[in-house]
Structures are given as structure tokens and as C-alpha cells.
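Report on one structure; see the data block that follows.
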Amino acid sequence: MLTIVKYGDPVLREKGARIEKITPEIKTLIQEMFATMKAARGVGLAAQQVGKALQLCVIDIREVTDRPSTLELDGKESDPNAFMPIALINPKFTTEGEPVAGPEGCLSFPEIYADIARPPQIDVTATNEKGETVRFKCGGLLARAIQHEYDHLQGILFIDRMSLDDKAEHKPEIDAIQAATKAKLKK
């Protein structure tokens, strides 16, 4: 199991380096990230969240039944759950539609949730752990999770996208997480 870094750790603000080659170390990291995410009951995890500034995230939305996802592969509707879990290396996407607010949390901000506005659909291109290019269109929770994790890969956190009211409401908890992390890093 890997340790999930919390807010206040500088790695969360680092833009990830492109992964040029899928090495045995990268494959091991992906497997450890899946296990860590599952143990933490998350739907997504970025490399920055386990202390590695890389363009890599893992997603698995199968456990979430109350927030549906859509998936199109080669222009055909597909079952998003059959596509899971997925590792996305060097992901890129284009958005479709006006941003819609929806609930989000983050494993680096335990127990903090807020509505974040994001485009409802995205067209994604990435490399998977086998080195294959994957292209798909998705919506719902899957699109939201990928956008959230992509932000991590750019050093952007979900608190950066919170409304001012939500940020003010959660300020005590956010400050407490940051203070605890900084104290831990000093040791």
C-alpha cells in the first residue's frame, strides 16, 4: 500500500512529468495505486497523491451506483463498468457542454466535499498500462473523475475550483489538514 499525501504536501502542486516509457516500475506503481485507491474507497487517484509527480492516474467507478456514467468506444455506447479499472498515462481531453455542478471529494482532503462545476462530457486520449492508445468519450461520474484526476496531474486541486462560499465554509478543515501535513513533513 502507498501512502496518500494530504493537502500541504508540495508534491500536490507539482505538474507531473510525461511518462515516455512504460517500465516495470511504472506497471508496479499502477498496481499499487489501484490497491491504495480501493482500500481508501476512492474512484480516482493521481500519481501526485502518492508522492510521484507523473502524468498518471487510475480510475475505477464500478463501486458507485448512485451516480451514473456514460461511455462511447468507437462511436458506440458501451458499458463503463466493463471498461474499469483503467490507468491513464499522459491523458488529454476536450470538453463538451456547459459546466454542471456536481459533488466531489478528494482523498487528499479527507471528509471534505463540495459541488464543483465541470463540463458534463469529455473526449479522452491517453495511453494505458500496456502502452496502447485509448480513445473514448464519457460523461457523468467517469467524466468528472477524469477531470478531477487530470487537475491533480497539472498541480490543480479541487479546492481551487470550489466556490468562494464553499471554500470559506471548509476553511477550518482545510487549514487543519494543511497544518497536520506540514507538521508531519517537518519531522
Query raised in the report: Expressed in nm to one decimal, what extension gain is obtained for the pair Q178 and E111 from 0.36 nm per residue of sequence separation less their Cα-Cα distance?
Result: 22.7 nm
Query - Separation of alpha-carbon centers, segment 124-178 and segment 1-21, rounded to whole Å - result: 13 Å
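Longer than 30 Å from Cα to Cα, which of K130/K182; K21/K187; K38/K92 are they? Say none if no pair is. Let's see the in-between values first.
Details: K130/K182 37 Å; K21/K187 35 Å; K38/K92 24 Å.
The answer is K130/K182; K21/K187.
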Report summary line: The simple spin-label model distance between D79 and D165, using points 7 Å out along Cα→Cβ, in nm, is 4.1 nm
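Per residue, what volume in Å³ does the Cα convex hull of segment 118-159 take up? If you can, show how the numbers build up before the last one.
Working: hull volume 3.2 nm³, N = 42.
Convex hull volume per residue, Cα atoms: 75 Å³.
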Requested in this report: May I ask you to give the average projected area over all directions of the convex hull of the Cα atoms of segment 32-187, in nm² rounded to one decimal?
Outcome: 9.7 nm²
Query raised in the report: In nm, to one decimal, how far is the modelled label at T23 from the one at T95, with both set 7 Å along Cα→Cβ?
Result: 3.5 nm
Query raised in the report: If you take all C-alpha pairs in segment 54-145, what percent of them are over 23 Å apart?
Result: 22 percent
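Only the coordinates and a few stated rules stand behind these numbers; no lab work does. All values reported here derive from a predicted model rather than from experimental measurement. As a convention, Cβ positions derive from the backbone with ideal geometry for all residues, glycine included, and neighbour counts pool all protein chains shown.
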